[in-house]
Amino acid sequence: MNAPLHSNTHHAEAPPAARLREIPYNYTSFSDREIVIRFLGEGIWEILNELRSERKTGRSARMLFEVLGDLWVVTRNPYLQDDLLENPKRRKALIDALHHRIAAIDERNTGSTASDKVQKMVNAAKKAVDKFADDFRQTYDLRRKALVKFTKITRKDNVQFDGLARVSHVTDATDWRVEYPFVVLNPDTEKEIAYLVRACIELGLTVIPRGGGTGYTGGAIPLTPMSAVINTEKLDQHTGVQMRTLPGVARQVATIECGAGVVTRRAMEAATDAGLEFACDPTSADASCIGGNVAMNAGGKKAVLWGTALDNLASWRMVTPDAEWLEVERLDHNLGKFMILQSHALK
């Protein structure tokens, strides 16, 4: 049975509706606060709240949020960015429209009601639009420079600036989307990797290696727009199971040499065909790659018996953040546990 209501409850004034979203086109999980701080700075967010409390926002605030909405939707949509890069007239029209809205806010802030707070907000918005325009020019110039460098190392179609490639590499299985990468590189051979990393360093790009993109640790997620994702999925060759002698091990051991892009399931199938078991069996085996298994020390249900990826490595080659090749080899492998390693640079 419902509890009785107080007699004046029926006439109580309804609480005001909460202001949830004011920036239009905000189709991501970023809040209005985060977007304002991103473009205008935290001080402007505080000013906006102060103006709200003084009831001085109104139409000017709506126009400001329209400007921020346009900036945000383009910033978060590589397809729109590509379109504006290819159409200078269209880009100029957008930037002129943004400046026009800001000028309208500035014009309203005149006379006896003029506010220093509103003026700070206007100045910050002007700087944000100017930076928005400069970013297009800088991106255009950097793309041309990067293309010249990268195409000396790998085929032109392995260098991808397009929206589809960038959207496909903005996140991994976490679905955590922070920044879109500047470029996606798809080398054909292992030999290209060190040269590509060196070129990225010279261009000021952060390097992010990526395989199948199945990780839940965020290791393949770009945290800066000045980043290059090097996708290793083309490095998908393996030797099949081979018997070899390891340093410090008396008997021969079954091994399989894999490129970083070999899908884990292919390595497992090769072991099965030889009457053996592949110890590493992550749940993402049908999509994850061996390079990612090593980088993340993947395990799976078999790890209880035979250890994780690192426990089953005989050796591996990698490119360091300094663009140098390094080979790491296990000594006295006990065929079950992680023990002593030695490494040496490859010439």
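The values are calculated or read from the model by the stated rules, or taken from the named source; none is laboratory data. Nothing here was measured: the structure is a model prediction, and the numbers come from that model. A quick note on method: Cβ atoms are made from the backbone with ideal geometry, for glycine too, and the neighbour counts reach across all protein chains shown. Side chains included, ligands, DNA and RNA excluded: accessible areas come from the protein's heavy atoms. Shrake-Rupley method; radii C 1.70, N 1.55, O 1.52, S 1.80 Å.
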Checklist outcome for this item: In this structure, the FRET efficiency calculated for K127 and D82 from their beta-carbon separation, with R0 = 22 Å, to the nearest 0.05, is 0.30
Checklist entry - Picking from M296, G275, Q119, whose Cα lies most toward the positive end of the charge dipole for the chain (charges on Cβ: Lys, Arg +1; Asp, Glu -1)? => result Q119
Checklist entry - Taking the mean number of other Cβ atoms within 10 Å as a proxy for protection, how do you rank 95-101, 140-146 from highest to lowest? => result 95-101, 140-146
Next on the checklist: Using 0.36 nm times the number of residues separating Y216 and E42, minus their current alpha carbon distance, what extension gain do you get?
Outcome noted: 59.6 nm
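Can you order the peptides 289-300, 162-173, 219-230 by their average number of other Cβ atoms within 10 Å per residue, highest first?
On the way: 289-300: 22.8, 162-173: 17.8, 219-230: 19.4.
In descending order of packing, they fall as 289-300, 219-230, 162-173.
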Checklist outcome for this item: Expressed as a percent, the accessible surface of the chain that is carbon or sulfur, using a 1.4 Å probe and the full set of protein chains, is 53
Checklist entry - What angle do you read, to the nearest 10 degrees and between 0 and 90, between the alpha-carbon axis of helix 264-273 and the longest principal axis of the chain? => result 20
Checklist entry - Mind ordering 36-47, 237-248 by average Cβ neighbours within 10 Å, highest first? => result 36-47, 237-248
Checklist entry - Treating the beta-carbon of each Lys and Arg as +1 and of each Asp and Glu as -1, no other charges, what is the dipole magnitude of the range 228-280 about its Cα centre, to the nearest 20 debye? => result 140
Checklist outcome for this item: Over the chain, with neighbouring protein chains present, the accessible area per residue in Å² at probe 1.4 Å is 58
Checklist outcome for this item: Options (1) 55, 54, 45; (2) 72, 54, 32; (3) 91, 71, 30 are given for Cα extents along the principal axes in Å, and the computed one is (3)
Item to check | Cβ-Cβ FRET estimate between L346 and D116, R0 fixed at 51 Å, reported to 0.05 | outcome: 0.25
Next on the checklist: Can you compute the charge dipole magnitude of the chain about its Cα centre, using +1 on each Lys and Arg Cβ and -1 on each Asp and Glu Cβ, nothing else charged? Give it in debye, rounded to the nearest 20.
Outcome noted: 740
Next on the checklist: Using only DSSP helix segments of four residues or longer, with each worth -39500 (n - 2.57), what per-residue ellipticity at 222 nm results for the chain after dividing by its residue count and rounding to 500?
Outcome noted: -13000 deg cm²/dmol
Checklist entry - Which links in K89/K131; K131/K156; K89/K145; K92/K117; K152/K191; K92/K126 stretch past 21 Å when you go from one Cα to the other? => result K131/K156; K89/K145; K92/K117
Item to check | Spatial separation of Cα centroids for the range 180-240 and the range 64-111, in angstrom | outcome: 33
Checklist entry - How big is the antiparallel share of DSSP beta bridges in the chain, given as a percent to the nearest 5? => result 70
Item to check | Fully extended contour minus Cα-Cα distance, from A274 to T224, at 0.36 nm per residue | outcome: 13.5 nm
